[in-house]
1. Could you run through segment 73-110 and say how many residues are more than 15 Å from the chain's Cα centre (by Cα) and touching a residue at least 40 places away in the same chain (Cβ under 8 Å)?
2. When you go through (1) crowded, with 16+ Cβ neighbours inside 10 Å; (2) among the hydroxyl-bearing types (S, T, Y); (3) at pLDDT below 80 one by one for T114, which number turns out not to apply?
3. Going by what's in this entry, would S57 be described as closer than 17 Å to Y75 by Cα, modelled with pLDDT of 90 or more and out of contact with any Leu (no Cβ under 7 Å at 6 or more places or on another chain)?
4. Does Q69 meet the test of being within 30 Å of M5 (Cα to Cα), more than 17 Å from the chain's Cα centre (by Cα) and surrounded by 15 or more Cβ atoms within 10 Å (Cβ to Cβ)?
5. Could you pull out the residue among K4, K31, K78, K96 that is touching a strand residue (DSSP E or B) at 6+ places or on another chain (Cβ under 9 Å), within 30 Å of K129 (Cα to Cα) and at pLDDT below 95?
6. I need the full set of residues from segment 34-59 which are touching a residue at least 40 places away in the same chain (Cβ under 8 Å), surrounded by 14 or more Cβ atoms within 10 Å (Cβ to Cβ) and either aliphatic (A, V, I, L, M) or more than 22 Å from G93 (Cα to Cα) (or both), in order please.
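The values are calculated or read from the model by the stated rules, or taken from the named source; none is laboratory data. Note that the coordinates shown come from a computational prediction; the quantities given were computed from them, not determined experimentally. Cβ atoms come from the backbone with ideal geometry, glycine included; neighbour counts cover every protein chain shown.
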Amino acid sequence: MEKKMSETVTGYIDHVIFRNEDNGYTVMVLKGMEEGQELTCVGTFPAITQGVSIEASGNYTTHPVYGKQFQISSYVEKMPEDALAMERYLGSGAIKGIGAALAGRIVRHFGDDTFQIVENEPERLSEVKGISEKKAREIKILKRQRKALKMSPQKRTVTKIQTAQRNKNHG
């Protein structure tokens with residue numbers, strides 16, 4: 001049997017169509033590869049957040065009902081690189097308590113330093129109208145928890161995730 005060469009796609013997670021919380025199986029739409037283009041992607045993920053940019057490796061498949069899909073075997077989260085990507089990431093619900101409007105204010109206030117501030121100095125978020133010092137502290141705690149949940153290294157290999165899930169379910 002001939003092994004297919006893995007391909008790579010890059011974009012941001014526009015929305016999740018389906019997610020099985022028990023095993024992490026997810027169907028999602030990736031955008032941003034080329035203007036106006038979107039790609040249905042499938043795979044098993046421990047956690048997935050709308051708005052996050054990823055570089056995914058895998059293979060194209062054709063589902064008998066849903067058509068062309070990209071089966072992700074591994075992926076790497078990419079840090080937002082511009083103001084629009086930062087606003088999309090922050091407004092996606094990636095950080096509890098920050099919605100689209102507040103994300104816009106944060107990005108306008110901190111500009112190109114936004115991601116550095118959110119990651120390393122979240123207490124400074126209280127400089128933005130609508131964020132109290134208490135809320136900034138809560139965001140800092142949530143960011144720490146989110147970092148702790150992330151797997152190391154940054155590259156996630158789906159087969160390892162599936163193996164861990166099987167071990168959990170079947171002892």
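1. Residues in segment 73-110 being more than 15 Å from the chain's Cα centre (by Cα) and touching a residue at least 40 places away in the same chain (Cβ under 8 Å): 3 in total.
2. Of everything listed in (1) crowded, with 16+ Cβ neighbours inside 10 Å; (2) among the hydroxyl-bearing types (S, T, Y); (3) at pLDDT below 80, T114 misses just condition (3).
3. When the stated conditions are applied, S57 passes them.
4. yes
5. The conditions single out K78.
6. V52, I54, A56, S57, G58, N59
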